[in-house]
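Have a look at the structure below before the remarks.
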Amino acid sequence: YEALRRGDLPRLLACVAEDVVIDRPALLAWDSVQRGRDYFARTIARMISCAEFKITGSDIFEGDSDVVGTLAYTLTARRTGETMNVKIVEVFGFENGLISRIDVYDKHPASLTAFLERAEAGAQAVP
């Protein structure tokens, strides 16, 4: 999470296997299952192009085979200033010292998807 906190995308991607699989809730923006480091990089770039990303908390718990991370962050839409606080849990699997699998668990995937769609469109939430 430190590379993500610093916005160091090359360092983040260096930790990820070429054929990484990211599995998210079906409603979470934009695709539920992502495959490959390039696709992962494009998804992160797409998110940060429409919203500022600021980590507000994180923890890492290491198990025998997997690592579990908790991540809290705030997104701020670049065009509108709308904000959203997000908390997720991620389970990381490893092969050959690289992250090969990320299972993402988000408490409110529909709200996050709607926020990112508004951020991309430059629209405000309807009260």
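Tabulated values for the structure
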item	result
Vicinal HN-Hα couplings computed from phi for the stretch 89-102 (Karplus, 6.51 cos²θ - 1.76 cosθ + 1.60; Hz; Gly/Pro x)	10, 10, 10, 9, x, 10, 9, 6, x, 10, 5, 10, 8, 10
Gain upon complete extension [Lys107, Thr43; 0.36 nm per residue less C-alpha separation]	21.1 nm
Cα pair distances of the chain binned at 5 Å [whole percent]	2, 10, 19, 25, 23, 12, 5, 2, 1, 0
Degrees, to the nearest 10: 109-121 long Cα axis against longest axis of the chain	60 degrees
Dipole of the stretch 63-114, positive direction: furthest Cα of Thr76, Ala110, Val86, with charges on the beta-carbon	Thr76
Apportionment of accessible area to carbon and sulfur, the chain, percent (1.4 Å)	51 percent
Largest-first ellipsoid semi-axes for the stretch 39-103, taking √(5λ) over the Cα gyration tensor eigenvalues, angstrom	27, 15, 7
Local electrostatic count, Glu90, Cβ distance below 14 Å [Lys/Arg +1, Asp/Glu -1]	-2
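The values are calculated or read from the model by the stated rules, or taken from the named source; none is laboratory data. Only a predicted model underlies this, so the values are computations on that prediction, with no experimental measurement involved. Backbone-built Cβ (ideal geometry, glycine too); neighbour counts: all protein chains shown. Surface accessibility is based on the protein's heavy atoms, side chains included, excluding ligands, DNA and RNA. Shrake-Rupley method; radii C 1.70, N 1.55, O 1.52, S 1.80 Å.
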